[in-house]
Amino acid sequence: MSKRRWDKVPEDRLILALDVEPEDARDSIRELAPHIGIFKIGGRLFTALGPQVVEWVHEAGRKVFLDLKFHDIPATTAGSVRYAARLKVWGLTVHASGGFAMMKEAQAAAREEARKLGTSKPIIFGVTVLTSFSKSDLSSVGVSGSTESQVRRLAALARKAGLDGIVASGQEIGTVRKAAGPRMLIGVPGIRPDEGKKKDDQKRIMTPEKAAALGADYLIVGRPILEAHDRVRIISNIKRAFR
Ligand code: C5P
């Protein structure tokens, strides 16, 4: 059996989307660091707090997944990736729809910067189609095919550009695996422990058990944990999906 990359580096496979108010960020990191290996910091918190929020996670001994979903001309994206690498983040995201050259330059910039710093290269994930997108959202931005075919196209492009992973909804895990090959890491947001319950703004949702069984390498979960009465209990329930 081929070894997945997280078998070699025993990462925690549950990524917490730290989508909290800036004033609550430090307390949430302290509260959840004993239970969560990787904290996903998105545009909201990073815009409000800047690099110090990355430092807080590192001070807690945990890894940062910097989810700023870069999408710009290749040189600008590469520049952003360089600064992210200097923050020593574990992983980061770019929009795969930013194109081949942008993804390739992002990966090259990460590699070069990590080599200069003597650190490990941040893992770069390509975001395919946001899990909040439905078919009609997709056609409203000019993509006439199915969500699945768009995900397939973007995953194949990300693979060609040499990215390390893909972010896609649970419903597209099979499609991504086929298009991106066995080595690409798959991170799955839109996880809802109880299917049919609260979806928030997510449209393509899945339970943790099902996503893990279909081959998700990482589950990316925010509100179901953050809004829970007992956050630690729901974290351990979700982690059970990987056993
Ligand atoms: O709260 P919830 O569990 O829905 O959070 C999911 C997280 O994953 C959010 O931070 C969102 O930005 C992110 N995400 C997503 N869909 C993608 C890529 C990232 O929902 N395709």
Once amide hydrogens are built 1.01 Å from N within the peptide plane, the residues lying 5 or more places from Ala17 or on another chain with amide H under 5 Å from its amide H are Lys40, Val221, Gly222
quick shape note, the stretch 10-242: Cα extents on principal axes in Å, largest first -> 44, 43, 32
Using the Cα centre of the stretch 119-160 as origin and beta-carbon charges of +1 (Lys, Arg) and -1 (Asp, Glu), tell me which of Ser139, Ile124, Ser149 is placed farthest towards the positive end of the dipole. Ile124
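Rg to Rh ratio, the stretch 124-195, alpha-carbon atoms and Kirkwood radius?
Values: Rg = 11.9 Å, Rh = 12.3 Å.
Rounded to two decimals, Rg/Rh equals 0.97.
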Spelling out what I want: for every residue of the stretch 48-60, take phi, set θ = phi - 60°, compute 6.51 cos²θ - 1.76 cosθ + 1.60 (Karplus), and round to whole Hz; glycine and proline get x. 6, 10, x, x, 4, 5, 5, 4, 4, 5, 5, 4, 7
For Ile166, list long-range residues whose amide hydrogen, built 1.01 Å from N in the peptide plane, is under 5 Å from its own amide hydrogen. Gly126, Leu185, Ile186, Gly187
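Once every DSSP H run of n ≥ 4 in the chain is given -39500 (n - 2.57) and the sum is divided by its residues, what mean residue ellipticity at 222 nm do you get, rounded to the nearest 500 deg cm²/dmol? Write down the numbers at each step before the final one.
Values: 12 runs with 109 residues, N = 243.
Only helices count here, giving -12500 deg cm²/dmol.
Is there a quick way to get the dipole size of the stretch 171-243? I mean about its Cα centre, with the Cβ of Lys and Arg at +1 and of Asp and Glu at -1; what is the value in debye to the nearest 20? Can you show the working numbers first?
Numbers: 16 positive and 9 negative charges, 27 e Å.
It works out to roughly 120 debye.
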Percent of accessible area on the stretch 10-242 owned by carbon and sulfur, 1.4 Å probe? 51 percent
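Please give the net charge around Met103, taking every other residue with its beta carbon less than 10 angstrom from that of Met103, where Lys and Arg add +1 and Asp and Glu add -1. Before the final figure, lay out the partial values.
Details: positive: Lys104, Arg159, Lys160; negative: Glu105.
My count for the surroundings of Met103 gives +2.
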Quick one: what are the phi-derived ³J(HN,Hα) couplings along the stretch 109-123, Karplus 6.51/-1.76/1.60 with θ = phi - 60°, whole Hz, x for glycine and proline? 5, 5, 5, 5, 5, 5, 4, 4, 7, x, 10, 7, 5, x, 6
Per residue, how large is the accessible surface of the chain? Use a 1.4 angstrom probe and give square angstrom. 47 Å²
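The values are calculated or read from the model by the stated rules, or taken from the named source; none is laboratory data. Note that the structure is a prediction, hence the values are computed from the model and not measured. Positions of Cβ are backbone-derived with ideal geometry, glycine not excepted, and every protein chain shown enters the neighbour counts. With ligands, DNA and RNA removed, areas are computed over all heavy atoms of the protein, side chains included. Shrake-Rupley method; radii C 1.70, N 1.55, O 1.52, S 1.80 Å.
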